[in-house]
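Worksheet for the structure shown next.
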Amino acid sequence: MTEPFAIPRSVEWNDTHITILNQQKLPLVTEYLQLKNIKDVWEAIASLKVRGAPAIGITAAYGLALAAQQYETESVEIFKKQLQKDRDYLASARPTAVNLFWALDRLVTSVSHVSSVNEAKTTLVHEAIRIQIEDEDVCRRIGEHALSLFQNGDRILTICNAGSIATARYGTALAPFYLAKEKGMNLHVYASETRPVLQGARLTTWELMQAGVDVTLITDNMAAQTIKAKNITAVIVGADRIAANGDTANKIGTFGLALLAKAFGIPFYVAAPLSTIDLATKTGDEIPIEERNPEEVTHLAGTRIAPEGVNVYNPAFDVTPHHLITAIITEQGIIRGNYETELPALFAKEAHHEAI
Ligand SMILES: CSC[C@H]1O[C@H](OP(=O)(O)O)[C@H](O)[C@@H]1O
């Protein structure tokens, strides 16, 4: 069995560029790309070369820091104006994952009180690096809390890829499986392929197999049969944005799994960091759902599989209503319902933790 963390990092900072693992090419090709300017970063996020809410936030943060290194002004005021413009540009890459906006705004805030452009440039890089380092610790803590919900031998269904390459390391929904492996626990993962981009078939299976975690691939329409025939004990998924009432946007198909979990009487867990919780979004109805290129649906590996000109609806996410969510697992612990009250309390707890 290879070490659980033979899995490469999805994004790394170098002083003159950002290196990303091209997730479009996995699992057949392991290709690294150098992003040398803000346009490269925008395109990498928009085209899912780098994907996964936390990884998108980390990459955008590095992209903003990289762009700022190239500003030539010595005026802090002009520097900040350009920074805001570049923040808005990177924020336009994808609309749903709140981590993108959270990370960008955290960088802009980090230079609120700088006294020079040089200090601002250094601060931005350090803040972006801090975001990536914190996310790794956060994901491990999510994994530890999530693992407390599972027993040896459990069979757990997941969708998309909320794994190590979607974050700084460990992942969110997949984190408990890596920690289980470290602790000698045997968990059996069933990975839904996740049409149309196939993050489950391509990425989740690839990650888990490298770590020696038992994983079985199913097509999305096999979920109900799999829950029944394989006696699935729980469903765990990631998140792209959690509204203040607990409604959760995640990869398309997640809502259907939540309905199935309810019908079969098994728990449905959402695993996500506080950076994915957006208290400014009151309910799931307010979460912008990205609609992507119809060719993701009409083509498979570049080959057309549907008639030319067919109408296509291609939402990349759906929203699971909070009443279908058994628990939300964050780095602060496990919340079981009453999300409208419990989610804001998490931030109060975090602020207190940071203050001491
Ligand atoms: C920890 S990743 C969270 C989330 O992001 C993925 O979306 P995408 O592949 O489009 O970036 C998926 O919804 C994951 O569950």
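Computed quantities for the displayed model
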item	result
Kirkwood hydrodynamic radius (C-alpha pairs) into Stokes-Einstein, the chain, 10 °C and 1.306 mPa s, D in µm²/s	77
Highest-fluctuation residue, K262, K85, K251 considered, GNM on the chain with Cα pairs under 10 Å	K85
Length gained when the stretch T216-A345 is fully extended (0.36 nm per residue, less Cα-Cα span)	42.7 nm
Under Karplus coefficients 6.51, -1.76 and 1.60, residue-wise ³J(HN,Hα) of region 246-257 in Hz, glycine/proline x	x, 4, 10, 8, 8, 3, 3, x, 5, 4, x, 5
Q70 paired with E43, simple spin-label distance in nm, labels 7 Å along Cα-to-beta-carbon	1.2
With every protein chain in place, the chain: carbon and sulfur % of accessible area (1.4 Å)	53
Of all DSSP beta bridges in region 201-307, antiparallel share, percent nearest 5	45
Farthest positive-ward along the chain dipole, Cα basis, beta-carbon charges - from A211, G337, I142	A211
Efficiency of FRET from Cβ geometry, L259 and T16, R₀ 51 Å, rounded to 0.05	0.60
Considering only the chain, percent of DSSP beta bridges that pair antiparallel, nearest 5	50
Candidate aspartates and glutamates - alpha carbon under 14 Å from K81, same-chain residues fewer than 8 apart omitted	E72, D105
Alpha-carbon centroid distance for the pair region 244-269 / region 42-93, whole angstrom	33
Among the listed pairs K49/K230; K85/K251; K183/K228; K39/K183, those beyond 31 Å (Cα-Cα)	K49/K230; K39/K183
Whole-number accessible area per residue in Å² for the chain, which is evaluated in the context of all protein chains at 1.4 Å	42
Region 150-354 - share of DSSP beta bridges that are antiparallel (%, nearest 5)	40
Sum of side-chain charges, A61 neighbourhood, beta-carbon under 12 Å (Lys, Arg +1; Asp, Glu -1)	-2
Where trypsin sites (Lys or Arg not before Pro) fall in DSSP loop in region 121-206, at most 16 other Cβ within 10 Å	K183
Using alpha-carbon coordinates, inclination of helix 117-147 to the longest axis of the chain, degrees	10
Within the chain, longest stretch free of exposed GluC sites (Glu not before Pro) [DSSP loop, at most 14 other beta carbons within 10 Å]	75-307
Residue-averaged [θ]222 nm for the chain, counting only DSSP H segments that reach four residues, each worth -39500 (n - 2.57)	-12500 deg cm²/dmol
Spatial separation of Cα centroids for region 146-219 and region 279-344, in angstrom	19
Net charge of Cβ neighbours under 12 Å - reference T276; Lys, Arg +1; Asp, Glu -1	-3
Measure of compaction for region 150-354 (Cα Rg per 2.2 N^0.38 Å)	1.03
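The values are calculated or read from the model by the stated rules, or taken from the named source; none is laboratory data. As the structure is a prediction and not an experimental result, all values here were calculated from the model. Note that we place each Cβ from the backbone using ideal geometry, even for glycine, and neighbour counts take in every protein chain shown. These area figures cover heavy atoms from the full protein model, side chains too; ligands, DNA and RNA do not enter into them. Shrake-Rupley method; radii C 1.70, N 1.55, O 1.52, S 1.80 Å.
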